[in-house]
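Visitor: I have a structure I would like to understand better, so I am pasting it below and will then ask my questions one at a time.
Read the figures in this text as sums done on the coordinates, not as results from a lab. Keep in mind the model is a prediction, meaning the values are calculated, not measured. In this analysis, Cβ positions are derived from the backbone assuming ideal geometry, glycine residues included, and neighbour counts consider all displayed protein chains.
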Amino acid sequence: MRKLLAQKSVATDPQEGRRAAVAMILIGVPQAEELLFIRRADYPGDPWSGDVAFPGGGVEAEDTDSRATAERETGEEIGLVLSDEAYLGTLGSINGAYLPVQISCHLYQLAERPQLVANNEVVEAFYVPLANLLDPSRNQERSFAYRGHHHTHPILDLEGYCEHFLWGISYRLLQKFFTTLGIHRLG
């Protein structure tokens, strides 16, 4: 998988606005079986308030690169220190559809579920089997309100794992992950 990621990882052109990075954490060795998600806490004014996501956040001046951001934020949000041995590579970056943000995604693989300690930015952390992420019945179009407007987007129904659904940037990163592995369609 490392070789595949190295060959296909191409970042998009940067856009003006905020830069951030996330850690996509696979569980299971040698074959990944699950993926770790978090649900963000609800904060007024936070555009990602309450969303399902991957651990991560904004690039800060002391971060040497986006990987350092993803690792720092993962440690802060869920108390997980990611090692060099766990690092698989990058999926590159994507730009926000509604907000001026560029998100870099870094992949990690752990042998087993780690002990996690969520901070005040995270309501819960949970795992979803990769097979369930590809289940066609979970991949749907849904209409909902976002930032005062009605939108229809592809979503991943996480019933049984979380009361919220996956959509937006995190959904697009998951889609990019599966496409990189040669699976060209969620659902």
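Visitor: In the chain, which longest range has no trypsin sites (Lys or Arg not before Pro) that are both DSSP loop (not H, G, I, E or B) and surrounded by at most 15 other Cβ atoms within 10 Å?
Guide: It works out to 1-146.
Visitor: Could you run the Karplus curve 6.51 cos²θ - 1.76 cosθ + 1.60 with θ = phi - 60° over segment 33-44 and give me ³J(HN,Hα) per residue in whole Hz, x for Gly and Pro?
Guide: These are the phi-based 3J(HN,Hα) values: 10, 9, 10, 8, 10, 10, 10, 6, 5, 7, 9, x Hz.
Visitor: So for segment 41-117, averaging the separation of alpha carbon pairs under 8 Å that are six or more residues apart and normalising by length, what relative contact order in percent results?
Guide: 22
Visitor: Taking segment 91-171 on its own, what percent of its Cα-Cα pair distances exceed 15 Å?
Guide: Value for segment 91-171: 70 percent of Cα pairs lie more than 15 Å apart.
Visitor: Please report the antiparallel percentage of DSSP beta bridges with both residues in segment 2-129, rounded to the nearest 5.
Guide: That works out to approximately 70 percent antiparallel.
Visitor: Here is a follow-up. So how do 155-167, 109-121 stack up, highest first, on mean other-Cβ count within 10 Å? Working shown, then result.
Guide: On the way: 155-167: 17.7, 109-121: 13.2.
Peptide ranking by packing, descending: 155-167, 109-121.
Visitor: GNM, the chain, Cα, under 10 Å: largest mean-square fluctuation among E62, E124, E77?
Guide: E62
Visitor: Separate question: In the set (i) 33; (ii) 24; (iii) 12, which value of percent of Cα pairs over 30 Å apart was calculated from the structure you see?
Guide: Among (i) 33; (ii) 24; (iii) 12, the one derived from this structure is (iii).
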